[in-house]
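Take a look at the structure below.
The values are calculated or read from the model by the stated rules, or taken from the named source; none is laboratory data. Not measured: the values here are computed from a predicted model. Positions of Cβ are generated from backbone atoms using ideal geometry, with glycine treated the same way; all protein chains shown enter the neighbour counts. Ligands, DNA and RNA are excluded from the accessible area calculation, which covers all protein heavy atoms including side chains. Shrake-Rupley method; radii C 1.70, N 1.55, O 1.52, S 1.80 Å.
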Amino acid sequence: MLRTSSGFPYCGGTLVAPEWLVTAAHCIETQTASSVFVRLGAYIRTANVGTEQDFRVIKIIKHPSYNNPKRYSHDIALLKLDKPAALDRNVALACLPQNVTAPGDNTKCWITGWGRLSSGGGTPDKLQQASVPIAGRDRCDKAYPRRIHDSMICAGLDQGGIDSCQGDSGGPMVCKDGGRYYLQGVTSWGYGCASPGKFGVYAKVKFLLPWINDEMKNN
């Protein structure tokens, strides 16, 4: 999770290499590296249970095309941690989808976060997880006319009811392929939360992967 200097959690993120976290560009739009703190291995939102690892951020790399050509397009950023994370049963890497395809319509994927339980509703103490099916591009375009860019992927139910919400931004959408979980989406935006006919919209990691690979290699 991303936290302020006072320890307030406000966005999610996904560890993709020991020193690199993927999050949403809109989570760090106005932040400097020194104002963002990262906590890994947490289960309770604000309490310590002994599984947590805390980090400072030494570099923020926001996608140069963020919000261009459409609002929330390329909504992805990389945070470099001040030291490598110690990988254990509470802190693990999500696989980047290097050799797997982007998930197709109705593929079941998983979202996690501490975001609100309903639009404008309460915030949970414990980490929440939900399963959402991918909504293909045609259905997504119908839900959000002229708003969807190739750098976005949608997931959710036509009837609503399960979705990411405020506070989940930047967190993962992982999809299983061949027994492993791959990071295919970064929680980005949507109208309301879990509204019928409105899906959650995620940054499409497969589309943004060349940029991720280049930035991690060159920094």
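Per-structure values
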read-out: When residues of the stretch 147-182 are limited to those that are open to solvent by less than 30 Å² (accessible area, probe 1.4 Å), among the hydrophobic types (A, V, I, L, M, F, W, C) and out of contact with any Leu (no Cβ under 6 Å at 6 or more places or on another chain), the one nearest to Cys109 (Cα to Cα); value: Cys175
read-out: Residue check for Ala85: at pLDDT 95 or above and either out of contact with any Gly (no Cβ under 8 Å at 6 or more places or on another chain) or assigned to a loop (DSSP other than H, G, I, E, B) (or both); value: yes
read-out: Of residues in the stretch 183-212 being within 24 Å of Pro9 (Cα to Cα), touching a residue at least 40 places away in the same chain (Cβ under 8 Å) and part of a loop (DSSP other than H, G, I, E, B), the one most open to solvent (accessible area, probe 1.4 Å); value: Tyr191
read-out: Subset of the stretch 172-207 [among the polar types (S, T, N, Q) and either within 17 Å of the chain's Cα centre (by Cα) or within 14 Å of His26 (Cβ to Cβ) (or both)]; value: Gln184, Thr187, Ser188
read-out: Filter result (among the charged types (D, E, K, R), in contact with a helix residue (DSSP H, G or I) (Cβ under 8 Å, 6 or more places away or on another chain) and under 28 Å from Arg89 (Cα atoms)) within the stretch 47-68; value: Arg56, Lys59
read-out: Some residue of the stretch 146-165 being out of contact with any Ser or Thr (no Cβ under 6 Å at 6 or more places or on another chain), polar (S, T, N, Q), closer than 23 Å to Cys11 by Cβ and assigned to a loop (DSSP other than H, G, I, E, B); value: no
